[in-house]
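Working notes for the structure below.
Laboratory data are not the source of any read-out in this text; all were calculated from the coordinates shown. Every value quoted in this text rests on a predicted model; they were computed, and no experiment measured them. Positions of Cβ are backbone-derived with ideal geometry, glycine not excepted, and every protein chain shown enters the neighbour counts.
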Amino acid sequence: METDPIKEAAAHDALHAPRNARNGLILFAIYVVLYGSFVGLNTFTPQLMSKPVFLGVNLAIVFGMVLILAAFVLAMIYAYTCVRFVPQGGGK
């Protein structure tokens, strides 16, 4: 007796969707804090952002590159957490 892969996938999604959503919101909150600190520094202490901090590059550029890298790393963490608990062998 064969099982319907579409029904199995739907059951798997219904089981894991809340956990995936919670993980996504946590990682999004982390990024919002990082981005908010970038915007806050630019708004309230622009003179600090213009100071060279790494190989003659100012803090604004370095922080911006860190934000891009952080977005990539957080996306990889999210992808890992989404598939970490996927059962092997079709969910049986």
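Report, by residue number, each residue of the stretch 21-54 that is β-branched (Val, Ile, Thr) and closer than 21 Å to ALA75 by Cβ. Answer for the stretch 21-54, where residues must be β-branched (Val, Ile, Thr) and closer than 21 Å to ALA75 by Cβ: ILE26, ILE30, VAL32, VAL33, VAL39.
A Cβ distance below 6 Å, combined with a sequence gap of six or more or placement on separate chains, defines the contacts here; from the stretch 66-78, residues that are assigned to a helix (DSSP H, G or I) reach no residue that is of a type in the set (Val, Ile, Thr). The residues of the stretch 31-60 that are surrounded by 14 or more Cβ atoms within 10 Å (Cβ to Cβ) and β-branched (Val, Ile, Thr) amount to a single one, VAL53.
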